[in-house]
Amino acid sequence: MVRDYSLKPAEVPLFDPEVLTAKKREALRTRIKRQLAEKNAVLIAHYYVDGDVQDLAEETGGCVSDSLEMARYGRDHDAETLIVAGVRFMGETAKILSPEKRVFMPTLEAECSLDIGCPPDEFEAFCRDNPDRTVVVYANTSARVKALADWVVTSSVGLAIVEHLDARGEKILWAPDKHLGAYIAEKTGADMLLWSGACIVHEEFKFQALADMQRIYPDAGVLVHPESSARVIEMADAVGSTTQILKAASELPNDTFIVATDRGLFHKLRRAEPNKTFIEAPTAGDGATCRSCAHCPWMAMNELETLALALENGTGEVFIDPEIGKRAMVPLQRMLDFPR
Ligand code: CIZ
Ligand code: SF4
């Protein structure tokens, strides 16, 4: 059994993004567009970052997506430079898949509680202690942890890949998200030994408060990301990755949805389905125990201003040890080759 790798409140940064005036926003957008053109760079943003950054990625010919599509997009795009707005593992994945390109991020301080909660040396020892298991790691991990894995998965393909491995009779060592791991184990019946990390955002959605909210909106559909706790997942009409939540929101007949994932996704949800209503699932609230209030403090570091400054100053470049990169590429490539 591994120790609990969930982060303590004091380990999570406080982040309070600036509210921009229209004038400042426009000036920053112009600076960023100029920099992207000058550098022949493409902006690749995650669904959880600031809506302004998402809009700019789309307007300038880049993309907004989940980490799986971000990885593919960056690899296949012919730009020489990739600007990845998300958290560090996303920039690292882009660099691993495209070692010949330069990869920059608005800030390299944008971490992820799952990545922090899976220190490579301790994880290596865990793998050594369980040599009979196929090592499956979530994409939200460092390059060194990926380099120890047989498979990398994201929340879009994790279930399907574990199903495939289970059908081949393989026993699995899963890291780092204990909630996603438990959900997949329950769905597939696979033999999974779980690392004990958690996402500080999704872990805070509260079952009882969600039940109360459902009483207020009895016709609302409930959409839940599987990094949430089992009791919250049980209440869902659809469980899935960001892309799968977007799909469910357009396919399910409800006019209103309660959504348990980072609030960054609401930008896309509201654009994709302007006639539907999306309500944030309740967290611990503003009380002493709420660390994120449904917005990842590391994703929030990807602001227009940080992005403009990083581009102008040439900071935030991602480097990967080439040997680690080569090893991490193998399980990543397996995921990308896995039929969807
Ligand atoms: O894999 C991703 O993009 C994350 C972190 C969330 C999701 O479900 O898409
Ligand atoms: Fe990591 Fe959670 Fe933030 Fe995603 S939302 S980057 S899983 S801490």
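Coordinate-derived values only; no laboratory data. Computed from a predicted model, the values in this text were never measured in an experiment. No Cβ is skipped: glycine too gets one built from the backbone with ideal geometry, and neighbour counts run over all protein chains shown.
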**Message:** Step by step: first the residues of region 229-259, then only those that are away from ligand 1 (no atom under 11 Å from the Cβ) and among the hydroxyl-bearing types (Ser, Thr, Tyr), then the one that is surrounded by the most Cβ atoms within 10 Å (Cβ to Cβ). Which residue is that?
**Reply:** SER229
**Complete:** Inside region 51-73, the number of residues satisfying the requirement of being within 16 Å of ligand 1 (Cβ to nearest atom), closer than 26 Å to ALA294 by Cβ and not hydroxyl-bearing (Ser, Thr, Tyr) is 11
**Item:** Members of region 203-224 that are part of a loop (DSSP other than H, G, I, E, B) and either without any contact (Cβ under 8 Å) to a residue 60 or more places away in the chain or of a type in the set (A, V, I, L, M, F, W, C) (or both)
**Value:** PHE205, PRO218, ASP219, ALA220
**Prompt:** Can you tell me which residue in region 161-181 is nearest to ligand 2 (Cβ to nearest atom), limited to those that are in contact (Cβ under 8 Å) with a residue 60 or more places away in the chain and in a helix (DSSP H, G or I)?
**Reply:** ILE161
**Prompt:** In region 85-108, is there at least one residue being within 13 Å of ligand 2 (Cβ to nearest atom), of a type in the set (A, V, I, L, M) and either in contact with an Asp or Glu (Cβ under 7 Å, 6 or more places away or on another chain) or assigned to a strand (DSSP E or B) (or both)?
**Reply:** yes
**Request:** Restrict the check to region 22-42 and report whether at least one residue is within 30 Å of GLY158 (Cα to Cα) and either under 16 Å from the mean Cα position of the chain (by Cα) or away from ligand 2 (no atom under 14 Å from the Cβ) (or both).
**Result:** yes
**Request:** Sort through ILE233, ILE184, ILE200 and tell me the only one that's part of a loop (DSSP other than H, G, I, E, B) and of a type in the set (A, V, I, L, M, F, W, C).
**Result:** ILE200
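Yes or no, residue by residue, for (1) under 15 Å from the mean Cα position of the chain (by Cα); (2) part of a helix (DSSP H, G or I):
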| position | (1), (2) |
| --- | --- |
| PRO226 | yes, no |
| GLN244 | yes, yes |
| ALA249 | no, yes |
| PRO253 | no, no |
| ARG271 | no, yes |
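Residue-by-condition table, conditions (1) without any contact (Cβ under 8 Å) to a residue 60 or more places away in the chain; (2) farther than 30 Å from VAL136 by Cβ:
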{"residue": "ALA249", "(1), (2)": "yes, no"}
{"residue": "PRO274", "(1), (2)": "yes, yes"}
{"residue": "GLU280", "(1), (2)": "yes, yes"}
{"residue": "ALA300", "(1), (2)": "no, no"}
{"residue": "ALA308", "(1), (2)": "no, yes"}
{"residue": "GLY325", "(1), (2)": "no, no"}
**Request:** Please go through region 58-84 and pick out each residue that is assigned to a helix (DSSP H, G or I) and crowded, with 22+ Cβ neighbours inside 10 Å.
**Result:** SER67, LEU68, MET70, ALA71, GLY74
**Asked** Taking interchain pairs and intrachain pairs at least six residues apart, which have beta carbon atoms under 8 angstrom, with the first residue in region 114-128 and under 18 Å from HIS179 (Cα atoms) and the second among the hydroxyl-bearing types (Ser, Thr, Tyr) and buried (at least 20 other Cβ atoms within 10 Å of the Cβ)?
**Response** LEU114/TYR138; LEU114/THR141; ASP115/THR141; ASP115/SER142; GLY117/TYR5; CYS118/TYR5; CYS118/THR141; CYS118/SER142
**Prompt:** Do we find that THR306 is of a type in the set (Ser, Thr, Tyr), in a helix (DSSP H, G or I) and in contact with a helix residue (DSSP H, G or I) (Cβ under 8 Å, 6 or more places away or on another chain) in this structure?
**Reply:** no
**Request:** Go through region 184-228 and give me each residue that's closer than 30 Å to ASP132 by Cα and more than 16 Å from ligand 1 (Cβ to nearest atom).
**Result:** ALA185, GLU186, THR188, GLY189, ALA190, ASP191, MET192, LEU193, LEU194, TRP195, SER196
